[in-house]
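Student: Structure incoming, see below.
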Amino acid sequence: MHANRDSHVVIVGGGVIGSAIACFTLQEASFRGRVTVIERDPSYANASSALSASSIRQQFGTAVNVAISRYGIAFLRAAAERLAVDGDRPALDLVEPGYLYLAATDVGAGTLRRNHRVQLAEGADVALLEPAALGTRFPWLAVDDLKLGALGESGEGWFDGYSLLQAFRRKARSLGASHVAAEACGFDCSGERIDAVALTDGSRLAGDVFINAAGPWAAAVARWVDVDLPVRARRRSVFAFTCPTSLPGCPLVIDPSGLWFRPEGRAQFICGISPDASNDPDDAPLRVEHALFDDVLWPLLAARVPAFEAVRVTGSWAGYYEINTFDHNGIVGFHPVIRNLVFANGFSGHGMQQSPAVGRGVAELLVHGRYRTLDLSPLAYARIPSGQPLVESNVI
């Protein structure tokens, strides 16, 4: 399945995934059609793309995700040139201090070792460190309770995600993309095809191919064609804080408790934690859980980094993960029955870092009918109704 090269491609959702798809599609030399992006909030006030911690890692437990990240880091390193418009190069402020996963049990260490084999097979630059080596490399880190660590030596770090979103959007517009500031509310269908998307102002936007890139709201879009997409909006709170003690060489650290933290700029850090599944409701209001820092995060921070006994919170925000509750992996590609509907959903907190590869892959699928640069077929929708999850073990 693929689009005619003269097709009108309509993308529902103008966040980083939708904008990347628009950009890469219009960069395809053989594509002669049109691309329209529908975004209900061009300010991106509540968009996951604007509220993301914007990090990238190679340390996944599935080969396709490692490959996606290897493509992503290469793209980010060259993005200033690849996304330039009229000589104006976007500044993404990419830094690569790495990710450090920590394990405190034999089971956790075994998971790191299994994932490490997958990562090495895909060419990722990841090292396993015993507790003594961790203490030598990071003398500010408490290691007495640890069994093992996994450190990305290159290709992992963080960047300005909002600037990446805007760079994709601006590049797509320069290539001819149309952006419609409106809210979509349904599809008009005939048989097994979508003919148009309905907007809340009563108008219709006809097209040939329709892409669901609605982020945390992807399930609502899928329901317009009676598809039960297992993607849910799950709130995550992020806290910024200062510490008077510097932590030389600090990567993004993932504690066995689920806590994560990393430097932000010269003198700040940011941190967060994934809640227990029993306390992770769908569509919770985007309000920061302020008690979370004092009650949960600060004790964990101080236990792992003694210098974090003395911290001061300087800010906070909340954003949504678009969690794929089926297997925590992206859902990418055509629907098997509704033949002009494409999914680009469910990235479970990894959408920002995976947007270059997903944008490239969907564009190739639309124009050429197959993946050419990177095979994203393991992420196909068909695995969901067939009950065959592609489980990702490394989800933060």
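Student: Once R0 is set to 45 Å, what does the formula 1/(1 + (r/R0)^6) return for the Cβ-Cβ distance between residue 276 and residue 6, expressed as a FRET efficiency to the nearest 0.05?
Tutor: The pair residue 276/residue 6 has a calculated efficiency of 0.35.
Student: For a quick check: with amide H placed at 1.01 Å from N, whose amide H comes under 5 Å from residue 31's, ignoring anything fewer than 5 positions away on the same chain?
Tutor: Here the answer is none, since no amide H 5 or more places off falls under 5 Å of that of residue 31.
Student: So, one more: With n ≥ 4 as the cut-off for DSSP H runs, can you work out [θ] at 222 nm for the chain, using -39500 (n - 2.57) per run divided by the number of residues, rounded to the nearest 500?
Tutor: -8000 deg cm²/dmol
Student: While we're on this one: Would you mind computing, in nm to one decimal, how far apart the modelled labels at residue 154 and residue 192 are, each placed 7 Å from Cα along Cα→Cβ?
Tutor: 4.8 nm
Student: Moving on. First select every other residue whose beta carbon is under 13 angstrom from the beta carbon of residue 134; then total the charges, Lys and Arg +1, Asp and Glu -1. Don't jump to the answer; show the numbers that get you there.
Tutor: Details: positive: 137, 147, 304; negative: 130, 144, 145, 255.
So the environment of residue 134 carries a net charge of -1.
Student: Give a quick list of trypsin sites (Lys or Arg not before Pro) in the range 208-291 that DSSP marks as loop, anything other than H, G, I, E or B, with at most 14 other Cβ atoms within 10 Å.
Tutor: Qualifying residues, ordered by number: 266, 287.
Student: Please compute the Kirkwood hydrodynamic radius of the range 185-246 from all pairs of different C-alpha atoms, in Å with one decimal.
Tutor: On the way: mean 1/r = 0.0696 Å⁻¹.
Value: 14.4 Å, from the Cα pair sum.
Student: Please check: in the Gaussian network model of the chain (C-alpha springs, under 10 Å), which one of 271, 250, 185 has the largest mean-square fluctuation.
Tutor: Comparing 271, 250, 185 in the GNM, the peak value goes to 185.
Student: Under a point spin-label approximation (7 Å from Cα along Cα-to-Cβ), what is the residue 88-residue 368 distance to one decimal in nm?
Tutor: Going from the residue 88 label point to the residue 368 one covers 3.2 nm.
Student: OK, next. Fully extended, how many nm does the chain gain between residue 63 and residue 310 (0.36 nm per residue separation, minus their Cα-Cα distance)?
Tutor: Contour length minus the Cα-Cα distance gives 84.9 nm.
Student: Then there's this: In whole percent, and with a 1.4 Å probe on the protein chains, what portion of the accessible area of the chain is carbon and sulfur?
Tutor: Working: 7750 of 15850 Å².
Whole-percent figure for carbon plus sulfur exposure: 49.
Student: To continue, here is another question. Quick one: helix 63-82 against the long Cα principal axis of the chain, what's the angle to the nearest 10°, folded into 0 to 90?
Tutor: Its long axis makes an angle of about 80 degrees.
Student: Follow-up. Would you calculate the separation in nanometres between label points at residue 290 and residue 120, each defined as 7 Å from the Cα along the Cα-to-beta-carbon direction?
Tutor: 4.9 nm
Student: What is the gain in length, in nm to one decimal, between residue 206 and residue 377 on full extension, counting 0.36 nm per residue of separation less the C-alpha to C-alpha distance?
Tutor: 58.8 nm
Student: Filter the trypsin sites (Lys or Arg not before Pro) in the range 332-396 to those in DSSP coil with at most 16 other Cβ atoms within 10 Å of their Cβ, and list the result.
Tutor: Taking the range 332-396 and a limit of 16 other Cβ atoms within 10 Å, the loop trypsin sites (Lys or Arg not before Pro) found are 339, 370, 372.
Student: So with the 1.4 Å probe, I'd like the accessible area per residue for the range 17-79, rounded to whole Å². Please list the in-between numbers first.
Tutor: Working: 1880 Å² over 63 residues.
Per-residue accessible area for the range 17-79 comes out at 30 Å².
Student: Counting DSSP beta bridges in the chain, what percent are antiparallel, to the nearest 5?
Tutor: Taking every DSSP beta bridge with both residues in the chain, the antiparallel ones total about 70 percent.
Student: Also: Mind giving me the FRET efficiency for residue 183 and residue 339? R0 is 25 Å, r the Cβ-Cβ distance, nearest 0.05 is fine.
Tutor: 0.45
Student: Let me ask you something else. If one takes the longest principal axis of the Cα atoms in the chain, at what angle in degrees, from 0 to 90 and to the nearest 10, does the Cα axis of helix 351-368 lie?
Tutor: With both axes taken from Cα atoms, the answer is about 30 degrees.
Student: Still on this structure, I have one more. Suppose all protein chains stay in the model; what accessible area per residue would a 1.4 Å probe give for the range 82-208, in Å²? Walk me through the intermediate numbers first.
Tutor: On the way: 6010 Å² over 127 residues.
Ligands and nucleic acids excluded, the figure is 47 Å² per residue.
Student: I've got another one for you. Given the options 385, 336, 90, which has the most mean-square fluctuation in a GNM of the chain, springs set between C-alpha atoms less than 10 angstrom apart?
Tutor: 385
Student: Using alpha-carbon pairs under 8 Å, 6+ residues apart, how would you state the relative contact order of the range 264-350 in percent?
Tutor: Contact order relative to length: 20 percent.
Student: Probe radius 1.4 Å, ligands and nucleic acids left out: which of 136, 314 has the largest accessible area, and how do the rest follow?
Tutor: Descending order: 136, 314.
Student: In a Gaussian network model over the chain where Cα atoms closer than 10 Å are linked, find which of 196, 103, 132 has the largest mean-square fluctuation.
Tutor: 132
Student: On to the next question. Given the C-alpha centroids of the range 331-356 and the range 220-274, what is the distance between them in whole angstrom?
Tutor: 22 Å
Student: Angle, helix 161-174 long axis vs. longest principal axis of the chain, Cα atoms, 0 to 90°, nearest 10?
Tutor: 20 degrees
The values are calculated or read from the model by the stated rules, or taken from the named source; none is laboratory data. In this text the structure is predicted, and so the values were computed from the model without any measurement. As a convention, Cβ positions derive from the backbone with ideal geometry for all residues, glycine included, and neighbour counts pool all protein chains shown. Just so you know, the surface numbers come from the protein's heavy atoms only, side chains and all, with ligands and any DNA or RNA stripped out. Shrake-Rupley method; radii C 1.70, N 1.55, O 1.52, S 1.80 Å.
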